[in-house]
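Data block below; observations after.
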Amino acid sequence: MIILGPVAIAKNGIIGGDNDLPWYLPEDLKHFKKITTGRTVLMGRKTYDSIVKRLGKPLPDRVNVVITRQTEFPVPPSVLVFHDLDQALDALRHDDVYIIGGAQIFAAALPRAEKMYITHVHKAYPGDVYFPVVDWKAWKMTEEKEHEEYTFATYLKNT
């Protein structure tokens, strides 16, 4: 199954800025960790770079998969590298794959996704990376947990 997120989206559609998150929401980070630990996470090169910059290493306790156009992209042996999304998803077709960013990867994966974990951040933030436009009529919210600054929501694609 192809799953988008968990991803936090500001009220104005922003998901990032300057190769980082524009907010600090500790509970959202815990939510991300809870959902993705032990899973396969797929991301673009810039998202991978921002994670390594922040943590000093790839996401622990997960299979990290990176999509990059770079032919020489040094990563630890535990990180899988592919040069296009189709190739990666074909190789991972027996796994649940959590798409965790960035914008280009989300946009390419959205038509194939069957599930989304979205953190709706209740205010607008400055940034330069937007989540793709979603046809919300094609999705059904199956779970919602509201907090003061954000709402955790789970969506399944209508069949």
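The values are calculated or read from the model by the stated rules, or taken from the named source; none is laboratory data. Only a predicted model underlies this, so the values are computations on that prediction, with no experimental measurement involved. FYI the Cβ positions are ideal-geometry reconstructions off the backbone, even for glycines, and counts take in every protein chain you see.
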Query raised in the report: If the Cβ limit is 8 Å and pairs must be 6+ apart or interchain, which residue in region 41-67 that is closer than 21 Å to residue 94 by Cα pairs with which residue that is assigned to a loop (DSSP other than H, G, I, E, B) and basic (Lys, Arg)?
Result: 41/62; 62/39; 63/39
Query raised in the report: Give me the pairs: first residue in region 1-22 and in contact (Cβ under 8 Å) with a residue 24 or more places away in the chain and surrounded by 23 or more Cβ atoms within 10 Å (Cβ to Cβ), second residue basic (Lys, Arg) and assigned to a strand (DSSP E or B), beta-carbon distance under 8 Å, and six or more apart or on different chains, which are they?
Result: 3/115; 4/115
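Assess whether residue 11 counts as being farther than 25 Å from residue 111 by Cβ and modelled with pLDDT of 95 or more.
no
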Query raised in the report: What do you reckon, is residue 92 of a type outside the set (Asp, Glu), surrounded by 17 or more Cβ atoms within 10 Å (Cβ to Cβ) and in contact with a helix residue (DSSP H, G or I) (Cβ under 9 Å, 6 or more places away or on another chain)?
Result: no
**Report entry** region 141-158 residues that are outside any strand (DSSP E or B), paired with ones that are loosely packed, with under 14 Cβ neighbours inside 10 Å and of a type in the set (D, E, K, R) (beta carbon under 6 Å, 6 or more apart)
**Finding:** 158/140
Report task. Just need a number here: residues in region 129-140 that are surrounded by 12 or more Cβ atoms within 10 Å (Cβ to Cβ) and in a loop (DSSP other than H, G, I, E, B). Result -> 3
Requested in this report: Find all pairs meeting these conditions: Cβ atoms under 8 angstrom apart; at least six residues apart or on different chains; first residue within region 76-100 and in contact (Cβ under 8 Å) with a residue 12 or more places away in the chain; second residue part of a loop (DSSP other than H, G, I, E, B) and among the hydrophobic types (A, V, I, L, M, F, W, C).
Outcome: 81/73; 81/75; 96/1; 97/1; 99/113
Query raised in the report: What is the one condition in (1) touching a Pro at 6+ places or on another chain (Cβ under 8 Å); (2) farther than 23 Å from residue 124 by Cβ; (3) not β-branched (Val, Ile, Thr) that residue 103 does not satisfy?
Result: (2)
Query raised in the report: Considering only residues of region 15-41 that are outside any strand (DSSP E or B) and among the acidic types (Asp, Glu), which is farthest from residue 60 (Cα to Cα)?
Result: 18
Query raised in the report: When region 116-158 is examined, which residues are found to be among the polar types (S, T, N, Q) and either out of contact with any helix residue (DSSP H, G or I) (no Cβ under 8 Å at 6 or more places or on another chain) or within 13 Å of residue 31 (Cβ to Cβ) (or both)?
Result: 119, 142, 151, 154
